[in-house]
Every structure is written in structure tokens, then in C-alpha cells.
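Have a look at the structure below, then the notes.
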Amino acid sequence: MFWLVGGCFLLGAIPFAYLVGRLRGIDIRQHGSGNVGATNVMRVFGPATGVAVLVLDAGKGFLATWLGMASGETTGAICGLAAILGHTFTPFLKFRGGKGVATALGVLLTLVPKIALGCLAVFGLAVAVSGYVSVGSIFAAIGLPIFMFYWQQPPVYQIFAVIAAGFVIYRHIPNIKRLLAGQENPIRGKRT
């Protein structure tokens with residue numbers, strides 16, 4: 001199991017946003033928000049490239065969890081969490097990665113698809129109302145354990161939901177500070 005979890009961590013650590021940037025001749029960390037994630041790729045290269053990176057980041061979470069599920073629900077959840085941690089603390093970029101939202105979506109699509117869709121709906125609504133991707137991510141994270149408890153998912157999934165949600169919110173603390181200070185950039189361009 002150790003090797004499986006370690007492999008899933010490394011799978012999650014593949015920095016697709018950085019690699020796409022390099023293919024375009026830039027270091028994504030030096031542009032936009034500096035974050036190694038799909039939202040920043042969208043800001044720098046446009047929606048199509050941003051969606052492509054989102055799918056790749058979600059895909060590695062999906063694959064890692066799927067590989068773990070062959071050994072049971074607990075291993076699946078642990079492998080999914082390992083992929084999220086790999087994305088956010090990638091050893092390929094000196095342990096500085098993205099925020100884990102897209103990768104967590106991929107994990108959820110494997111564990112409980114209806115909850116993944118529920119979180120996606122919360123995300124979309126929050127972004128539409130607020131204009132901020134970070135707000136959507138935070139609300140989706142808050143909704144995750146609520147959905148898990150409401151739909152009475154297995155205890156290991158509920159534990160995963162609390163850990164993953166807390167971690168995603170923790171990773172968004174800088175965004176929360178910028179939101180409170182009125183300095184966060186909206187989804188379209190920069191604040192005016």
C-alpha cells in the first residue's frame with residue numbers, strides 16, 4: 001500500500017499548469033496570480049487552455065483514486081488524498097503547487113459522482129454570484145462534508161471530506177485575506 005500511495009502522490013504532483021506554460025515558452029509562476037493551477041492558466045492563456053489543464057488536474061485525481069479503489073474504499077480515499085497533496089506540494093516545483101481544487105474534483109468523481117456534481121454546482125453558483133473563483137472553491141469545500149453527511153456516505157468518505165475541505169480552505173487563506181481587503185482579482189481580468 002505504501003508504494004501505491006507514494007505513486008499516487010507523484011501522479012498528483014505532475015504540474016500540468018507549469019508544463020503547459022513551458023510549452024508556451026513561459027513560467028506560469030511568473031504570470032497572473034503566480035499559482036500553478038487551471039484558473040491562472042485560464043487568465044494567462046485563455047479559457048480553452050485553462051479547461052484543458054483543469055481536465056488534466058482532475059484526471060490525475062480520478063486515476064489515483066481509481067487505482068486505490070481496487071484495494072477498497074479506504075485505500076481509494078487515501079490515494080485520492082495523496083494525489084491532492086501531491087498537487088499542492090509537488091516535489092517537481094520545490095514543493096510549491098496549486099490549491100488542489102481540480103484534483104479534489106477528480107477524486108470525488110471516482111468516490112461519489114453525485115457529490116462531485118453537487119460541489120460543482122455550488123462552485124458554479126458561487127462564482128456566478130460573486131465573480132470570484134476563490135469564493136466558488138471555498139463554498140464548494142464547505143459543501144463537501146455537508147453533502148457527505150447528508151447522503152450518509154461511508155465513514156471513511158466523511159473523514160476524507162472533512163480533511164480535504166479543511167485543506168482546500170486552508171490553501172485559500174491568502175485569497176480570503178485579499179477578499180476581505182478588496183484586493184482579490186475577479187474571474188475576468190483584474191479588479192477595477
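FYI, it's all coordinate maths here, none of it is from the lab. Being a predicted model, the structure only gives us computed values, none of them experimental. Positions of Cβ are backbone-derived with ideal geometry, glycine not excepted, and every protein chain shown enters the neighbour counts.
Among LYS177, LYS99, LYS94, the order by Cβ neighbours within 10 angstrom, fewest to most, reads LYS94, LYS177, LYS99. Annotation: cysteines of the chain without a disulfide-compatible partner (Cβ-Cβ under 4.7 angstrom) are CYS119.
Sorting PHE167, PHE160, PHE92 by the number of Cβ atoms found within 10 Å of their own Cβ, with the fewest placed first, yields PHE92, PHE167, PHE160. Based on C-alpha pairs under 8 angstrom that are at least 6 apart in sequence, the chain has a relative contact order of 19 percent.
Considering only VAL156, GLY72, GLY25, whose Cα is most displaced toward the positive end of the charge dipole of the chain, charges sitting on Cβ of Lys, Arg (+1) and Asp, Glu (-1)? So the residue furthest toward the plus end is GLY25. Placing +1 on the Cβ of every Lys and Arg and -1 on the Cβ of every Asp and Glu, with nothing else charged, gives the chain a dipole about its Cα centre of roughly 680 debye.
Look at HIS172, HIS87, HIS31 and count the other Cβ atoms within 10 Å of each Cβ; fewest to most, that gives HIS31, HIS172, HIS87. Annotation: extensible slack from VAL156 through LEU117 equals 12.1 nm (criterion: 0.36 nm per residue apart, minus Cα-Cα distance).
Shape analysis of the chain places it in the oblate category; the axes a ≥ b ≥ c from the Cα gyration tensor give an a/c of at least 1.5, with a/b not above b/c. Applying 0.36 nm per residue to the separation of VAL55 and PHE149 and subtracting their alpha-carbon distance, the gain on full extension is 31.1 nm.
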